[in-house]
Amino acid sequence: MPYTHSLAASVAWSLLLGGLAALVWGRRGGLAVGACVLSHWILDLSVHVADLPLWGDLHKVGFGLWNRPVIATLLEAGVLFVGVAIYAKAARNKAAIWGFAFLMLAIQMTNFVMPPPAASSGFAMMALSSYLLFALAAWFVEKKWG
Ligand SMILES: [Zn+2]
């Protein structure tokens, strides 16, 4: 958590990735990527219980909407669909983009019915493999229909 979900690390990640993106897509692209990276922490703040450190592993915050899963899910789905609506305006195949969004939401819903892995290492492996699979799927969708 200190390296992935602290506010200080999130600022550092957003500067690093925004800077790298600026090298590829220019200043505007760098600002967009940096803002997206930092937005993760801001959006996480609303749903996480008080486990998001401000820096290091200290001063943890979180508004705890995960304790109200229906509200948290509606919020997350709303953020997803606003982003998809913005993206789909410029996509070649809008139906495919919306289909992918609903597929992502359906997979997210499995969190409600599947028990989490018992060991934290199993949870970490599941999370990392899920992120990798989603990134690969998003890359494929972008190339084919974006
Ligand atoms: Zn997060």
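Every read-out reported here was derived from the displayed coordinates using simple, explicitly stated rules and does not represent laboratory data. Bear in mind the structure is a predicted one, so any value in this text is a computation, not a measurement. Positions of Cβ are generated from backbone atoms using ideal geometry, with glycine treated the same way; all protein chains shown enter the neighbour counts.
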>> Counting other beta carbons within 10 Å of each residue's own, what order do L23, L65 fall into, fewest first?
In response: L23, L65
>> For the stretch 1-66, I need the span (max minus min coordinate) of the C-alpha atoms along each principal axis, in Å, sorted largest to smallest.
In response: 37, 22, 11
> If you plug each phi of the stretch 42-51 into the Karplus form 6.51 cos²θ - 1.76 cosθ + 1.60 with θ = phi - 60°, what whole-Hz ³J(HN,Hα) values come out, in order, with x for Gly and Pro?
Replying inline: 5, 6, 4, 4, 6, 9, 5, 6, 5, 10
> So who's got an amide H within less than 5 Å of the one on G146, skipping anything under 5 residues away but keeping other chains? H placed 1.01 Å off N, in plane.
Replying inline: R92
> Which of the lysines could a cross-linker bridge to K89, judged by Cα under 29 Å and excluding same-chain residues fewer than eight apart?
Replying inline: K143, K144
> Can you pull the percent of Cα pairs in the chain with separation above 20 Å?
Replying inline: 60 percent
> Among the trypsin sites (Lys or Arg not before Pro) within the stretch 55-121, which fall in a DSSP loop and have no more than 16 other Cβ atoms within 10 Å of their own Cβ?
Replying inline: K89, R92
